[in-house]
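Novice: Attaching a single structure in structure tokens format; questions to follow.
The values are calculated or read from the model by the stated rules, or taken from the named source; none is laboratory data. Everything numeric in this text was worked out from a predicted model, so none of it was measured. Note: ideal-geometry Cβ built from the backbone for every residue, glycine included; neighbour counts use all protein chains shown. Remember, those area values only see protein heavy atoms, side chains included, never the ligands or the DNA or RNA. Shrake-Rupley method; radii C 1.70, N 1.55, O 1.52, S 1.80 Å.
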Amino acid sequence: MLLPHKYFAIDLGTNNTLVYESKRGIIFDEPTSISFDKKRSSYFDFGLSSKNMYGKNPKHIEVLQPLSKGAIANITVAKAYIKNLIGSITRHSLLKPDIVVSVPSDLNAMERHAVIEAGKEGGARNVVLLKDPFAAAIGSLKDISYSKGIMVLDMGAGVSEITLLSCNGIVMSKSLRIAGNDLDEAIVEYFKATKRIQIGLLDAEILKKELACLDTSEEKMMQISVKNLMTRMPEYCTISSNDITKAVLPLIDRVVTLVYTLLSQLPASFANDIYDNGILLTGGSSLLKGFDTYLSQKLDIVTHIVDTPLQNIILGTGRVMEDKQYSSLLSK
Ligand SMILES: Nc1ncnc2c1ncn2[C@@H]1O[C@H](COP(=O)(O)OP(=O)(O)OP(=O)(O)O)[C@@H](O)[C@H]1O
Ligand SMILES: [Mg+2]
């Protein structure tokens with residue numbers, strides 16, 4: 001009996017990897033993380049359980065992120081990560097799967113090649129790439145092939161990318177290597193500089209999700225444990241939403257400027273489409289409270305957050321993989 005060939009779509013993000021299996025849907029949604037045991041010179045864990053070790057790992061264990069700012073940062077680590085991923089989703093079947101990987105549209109040829117190489121050496125038979133903005137639009141709209149312009153802002157963990165799509169192609173695109181992880185780092189730096197306290201990066205991410213708010217000045221508080229940089233001792237500290245918002249705002253304004261730059265360079269023929277349809281917001285960082293309203297007010301344009309910003313790209317990539325009408329969007 002001939003075994004059916006396996007097809008997978010993969011959204012290989014800086015922080016999160018999602019996998020979609022043809023005809024089954026999303027089968028994997030975990031952090032892009034892998035752990036290395038220096039004593040045994042081997043990788044031994046990946047995904048959520050690897051990320052959970054971050055910050056608590058003994059010296060001989062390294063918790064590694066294969067991607068940085070949307071691109072492969074270390075090809076050896078990336079190959080090991082993809083090998084583990086493919087091994088777990090194919091349950092070590094002997095048949096090599098075909099994979100479609102969605103990537104930021106501004107990756108250069110070397111960065112794109114690194115993804116393909118990592119996929120093949122990680123155990124795939126064929127690897128094709130899909131640019132994130134296509135996946136984002138197809139993941140949330142019925143049809144992107146008509147001649148109306150569609151503007152998509154994908155703000156993930158490592159990259160913010162604004163793209164104008166029309167007639168199944170990219171008309172213009174601009175990106176900035178600033179996104180959710182930089183907001184977390186900005187929060188850490190803000191409290192070091194203004195309050196002389198050290199906040200852990202994972203706590204900074206929680207504070208960002210819970211307290212940052214760009215459209216109201218309603219004050220919320222949260223208590224966390226920090227390190228006092230004067231006494232070097234741990235202590236509890238109450239953090240206010242005003243401080244968190246102040247910490248992230250300069251970076252958010254850079255994303256607003258990125259969108260403004262693209263809008264200001266729009267060919268006039270697209271002006272009506274964009275002012276009628278607005279901008280689609282996707283990627284986990286588009287969930288930052290009040291970001292949609294803030295962007296809308298700053299640029300006087302309508303914004304819509306897609307239904308599932310953290311899963312939208314994998315749903316679009318899965319659709320592209322399953323529907324032949326989109327095959328022209330795939331590239332090697
Ligand atoms: N409710 C929320 N509020 C603010 N930020 C959020 C929220 N939920 C998730 N995020 C942020 O979204 C980011 C993860 O988004 P996503 O999974 O789209 O990124 P990624 O695909 O891994 O990265 P990239 O596409 O940049 O390579 C993280 O920085 C996370 O802190
Ligand atoms: Mg992403």
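Novice: What list of ³J(HN,Hα) values in whole Hz, one per residue of region 251-259 in order, does the Karplus curve 6.51 cos²θ - 1.76 cosθ + 1.60 (θ = phi - 60°) give from phi, with Gly and Pro shown as x?
Specialist: 6, 4, 5, 5, 5, 4, 5, 4, 5
Novice: Oh, and also: Of all accessible surface on the chain at a 1.4 Å probe, what whole percent is carbon and sulfur?
Specialist: 52 percent
Novice: Taking the Kirkwood radius as the inverse of the mean 1/r across Cα pairs, report the Rg/Rh of region 180-247.
Specialist: 0.95
Novice: 7 Å from Cα along Cα→Cβ at both LYS192 and ILE224: what's the point-to-point distance in nm?
Specialist: Going by the 7 Å Cα→Cβ label model, 1.5 nm.
Novice: Put CYS167, CYS213 in order of accessible area, largest first, 1.4 Å probe: what do you get?
Specialist: Result, largest first: CYS167, CYS213.
Novice: Can you bin region 85-236 into rounded, prolate or oblate? Criterion: square roots of the alpha carbon gyration tensor eigenvalues sorted a ≥ b ≥ c, rounded for a/c under 1.5, prolate for a/b above b/c, oblate for the rest.
Specialist: Here region 85-236 falls in the oblate category.
Novice: Follow-up. Taking Cα pairs under 8 Å and at least six residues apart, what relative contact order does the chain come out at, in percent?
Specialist: After rounding, I find 18 percent.
Novice: Express as a percent, rounded to the nearest 5, the fraction of DSSP beta bridges in the chain (both residues included) that run antiparallel.
Specialist: About 70 percent, rounded to the nearest 5.
Novice: With an 8 Å cut-off on Cα pairs and a minimum separation of 6 or more residues, tell me the relative contact order of region 56-163 in percent.
Specialist: Normalised by residue count, the contact order of region 56-163 is 25 percent.
Novice: Here's something else I'd like to know. Quick one: ranking ASP106, ASP215 by accessible area, 1.4 Å probe, largest first, what do you get?
Specialist: Output order, biggest surface exposure first: ASP215, ASP106.
Novice: Do the sum for the chain: with -39,500 (n - 2.57) for every DSSP H run of n ≥ 4, divided by all residues, what is the mean residue ellipticity at 222 nm, to the nearest 500 deg cm²/dmol?
Specialist: When only DSSP H runs of four or more count, the value is -11000 deg cm²/dmol.
Novice: Per residue, how much accessible area does region 180-247 have with a 1.4 Å probe, in Å²?
Specialist: Heavy-atom accessible area per residue stands at 56 Å².
Novice: Rounded to the nearest 10 Å², what accessible area does ARG254 have for a 1.4 Å probe in the complete protein model?
Specialist: 120 Å²
Novice: Please compute the length gained on full extension between ARG254 and LEU201, using 0.36 nm multiplied by the number of residues separating them and subtracting their Cα-Cα distance.
Specialist: 16.9 nm
Novice: Give the aspartates and glutamates reachable from LYS83 as a straight Cα distance under 13 Å; neighbours fewer than 8 places away on the same chain don't count.
Specialist: Leaving aside aspartates and glutamates fewer than 8 places away in the same chain, those within reach of LYS83 are ASP45, GLU117, GLU121.
Novice: Mean separation of Cα pairs under 8 Å and 6+ residues apart, divided by the residue count of region 180-247: what relative contact order is that in percent?
Specialist: Reported relative contact order: 32 percent.
Novice: What pairs in LYS69/LYS209; LYS79/LYS209; LYS59/LYS209 have C-alpha atoms more than 22 Å from each other?
Specialist: Over 22 Å apart, Cα to Cα: LYS79/LYS209; LYS59/LYS209.
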